[in-house]
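Take a look at the structure set out below.
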Amino acid sequence: MAARRISSLLTRSLSVSSSSVSTSLFSSLGKNSGRNGIGKRFSTAAALEDLIVPPVQIAYTQNLIDGKFVDAASGKTFPTYDPRTGDVIANVAEGDAEDIDRAVAAARKAFDEGPWPKMTPYERSRIMLRFADLVEKHSEELAALETWNNGKPHEQSAKSELPMFIRLFHYYAGWADKIHGLTVPADGLHHVQTLHEPIGVAGQIIPWNFPLIMFAWKVGPALACGNTIVLKTAEQTPLTALYVAKLFHEAGLPPGVLNVVSGYGPTAGAALASHMDVDKVAFTGSTDTGKIVLELAAKSNLKPVTLELGGKSPFIICEDADVDKAVELAHFALFFNQGQCCCAGSRTFVHERVYDEFIEKAKARALRRVVGDPFRKGVEQGPQIDTEQFEKVLRYIRAGIESNATLECGGDRLGTKGYFVQPTVFSNVMDDMLIAKDEIFGPVQSILKFKDIDEVIRRANNTRYGLAAGVFTKSVETASTLTRALRAGTVWVNCFDVFDAAIPFGGYKMSGIGREKGIYSLHNYLQVKAVVTPLKNPAWL
């Protein structure tokens, strides 16, 4: 991980050691570049123009505890930034261990004494649906705030992520009154039933790359099951979680059921993961951070933990592929969300028969990518999240060049302010190169050549990660072979990044524990209780 502080460990979806890459950021990148690499023009019409003023006001910057916005116990604040410029957007209350204690106490009281777990599931469902309606009513402000604080294209926030957020809460609201146990046949004269009960106080830590979507993935199933929550936001992107939490209370959520604390990892994050009165922890972020969260949970009260962690997903282009379509899909699989996606198709395996054609077209597509102010219509790529991530991406680009991969295009920053990186494509990438092994979390496409299916299966699986994979082929037989052979939690065939509320998401190996979304996410927030009573002279068994 490029992080220099443990704080980054408990909030980021990264998993890279800064010592593993060159620290020279802006030394000459001309060495070993492709035929038309450095100096080639990018589609950057929006990059250097005057930036659009976001059409939204900052309304909520305090922590939300027991239904009220309050300052941090210490009185401290921390800045949150506009990644387009590096300028401060607002100063947010800096929660630490004392604030986590207050939030957990509120959540515990709301669970043990409050109405939420005792409320009928139907009434919980109605509150969640009212909340989704309020989010839809305020979606313009939320989309603007998400883009301002994160840097993702506004069209993505408004047309994709806000509708998905609303859909997710409709989905979980629908589950609230459909969670039930079973009647179990047993040997002997006994009546046996199982009860599915809420687990209690859930501690949740979300990352900065999809702040609203991660809020929904965590909060939705926990509330549907009747739990109470303490949510810690990423310090880079606290603003939308505070906004929607306020809307939840407007929808009728009782005080203390959902508490939101903004702060850093070694204080707020560590306190939440190790708290003795938290019954369960859910974390999305890097694999290295996941280990820390798991350790803190184990050393405290052995609370169960679900982890959605890093990835280095293979995207396999077979010899029968329509190259033009494959190029476009592989481009999307990697560059979506500025490459800041844990399941990004960051190892593009291309069959040797179509490799040269693919390289030329992949390079041309990257050079057409529109990079700039994410508030401008038509912009495909905004800035990286912050200076730390920006510098890390550039270090990996330098490492790719030093390892003799061919830099086809990109390889440098874009403009002189903010955290914009040129869309970058490497060819002739080998499996042992850092850019093929480590999670870069940026707009850097690494293209590798393969000869046959057995070879690419072996190479694709030769990673500590197993979050996702993509397959592009016209052959049903090839697709079937690969989907069963690839050790990954999701395999997309002739598509990529298809997310639906009902589709489970999570990883094999060191990409995590448990699943998000779908019916599987409910299992994370329920206890199963067996109830056994004797029967005397039953009419039937």
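The values are calculated or read from the model by the stated rules, or taken from the named source; none is laboratory data. Note that the coordinates shown come from a computational prediction; the quantities given were computed from them, not determined experimentally. Here the Cβ positions follow ideal geometry from the backbone for every residue, glycine too, while neighbour counts run over all protein chains shown. With ligands, DNA and RNA removed, areas are computed over all heavy atoms of the protein, side chains included. Shrake-Rupley method; radii C 1.70, N 1.55, O 1.52, S 1.80 Å.
Things to note:
- Per-residue ellipticity at 222 nm from helix content only, as computed over the chain with -39500 (n - 2.57) for each DSSP H run of at least four residues, stands at -10000 deg cm²/dmol.
- Structure-derived mean projected area of the Cα convex hull in nm²: which label, when the choices are [x] 24.1; [y] 45.4; [z] 26.2: [z]
- Solvent accessible area, Å² - HIS249, 1.4 Å probe, full protein context: 40
- The 1.4 Å probe gives accessible areas that order GLU388, GLU98, largest first, as GLU98, GLU388.
- Mean separation of Cα contacts under 8 Å, 6 or more apart, over the residue count of the chain: relative contact order %: 22
- Each residue, ARG368 and VAL532, gets one label point 7 Å from its Cα in the Cβ direction; the gap between the two is 6.7 nm.
- With R₀ fixed at 51 Å, the C-beta to C-beta distance from ASN91 to ARG484 puts the FRET efficiency at about 0.50.
- ALA539 paired with ASP452, simple spin-label distance in nm, labels 7 Å along Cα-to-beta-carbon: 6.7
- C-alpha center-to-center spacing [segment 510-541, segment 106-152] in angstrom: 26
- Cα long-axis angle, helix 387-402 against the chain (0 to 90 degrees, to the nearest 10): 40
- Converting phi to 3J(HN,Hα) with the Karplus coefficients 6.51, -1.76 and 1.60 and the offset θ = phi - 60°, segment 441-447 yields 6, x, x, 10, 9, 10, 10 Hz in sequence order, with x at every glycine or proline.
- Net charge of Cβ neighbours under 11 Å - reference MET214; Lys, Arg +1; Asp, Glu -1: -2
- Between HIS523 and VAL476, full extension at 0.36 nm per residue minus the direct alpha carbon distance yields a gain of 13.6 nm.
- Helix 239-250 axis, angle to the chain major axis (alpha carbon atoms, nearest 10°): 30
- Straight-line reach from LYS363: taking Cα to Cα under 13 Å and skipping same-chain neighbours fewer than 8 places apart, the aspartates and glutamates in range are ASP324, GLU328, GLU408.
- Per-residue surface analysis assigns LEU145 an accessible area of about 10 Å², computed on protein heavy atoms at 1.4 Å probe radius.
- Largest accessible area first, the residues THR284, THR267 order themselves as THR267, THR284 under a 1.4 Å probe with ligands, DNA and RNA left out.
- Local electrostatic count, LEU145, Cβ distance below 13 Å [Lys/Arg +1, Asp/Glu -1]: -3
- Set LYS137/LYS159; LYS246/LYS280; LYS232/LYS392; LYS312/LYS437 screened for pairs whose C-alpha atoms are more than 18 Å apart: LYS246/LYS280; LYS232/LYS392
- Extension reserve of the LYS76-ASP322 stretch, reckoned as 0.36 nm per residue once the Cα distance is removed: 83.0 nm
- A viscosity of 0.890 mPa s and a temperature of 25 °C, combined with the Kirkwood radius over Cα pairs in Stokes-Einstein, give a translational diffusion coefficient for segment 314-501 of 149 µm²/s.
- Accessible area of PHE472 in the full protein assembly, 1.4 Å probe (Å², nearest 10): 20
- Cα long-axis angle, helix 139-150 against the chain (0 to 90 degrees, to the nearest 10): 60
- Accessible surface computed residue by residue for the chain, with neighbouring protein chains in place and a 1.4 Å probe, gives 38 Å² per residue.
- Taking amide H positions as modeled 1.01 Å from N, with prolines and chain starts lacking one, the residues under 5 Å from GLY200 and 5 or more places away or on another chain are THR228.
- In this label model, LYS118 and LYS178 are separated by 2.9 nm, measuring between points 7 Å along each Cα→Cβ vector.
- With θ taken as phi - 60° and the Karplus curve 6.51 cos²θ - 1.76 cosθ + 1.60 applied, the whole-hertz 3J(HN,Hα) list for segment 338-345 is 6, x, 8, 9, 5, 9, 3, x Hz, x standing for glycine and proline.
- Among 515-521, 71-77, the order from most to least packed when residues are scored by Cβ within 10 Å on average: 515-521, 71-77
- Qualifying trypsin sites (Lys or Arg not before Pro) in segment 102-208, where qualification requires a DSSP coil assignment and no more than 10 other C-beta atoms within 10 Å, comprise LYS118.
- The portion of the accessible surface of the chain made up by carbon and sulfur, rounded to a whole percent, is 53 (1.4 Å probe; DNA, RNA and ligands excluded).
- Were the residues from MET430 through ARG464 laid out at 0.36 nm apart, the gain over their Cα-Cα distance would be 10.6 nm.
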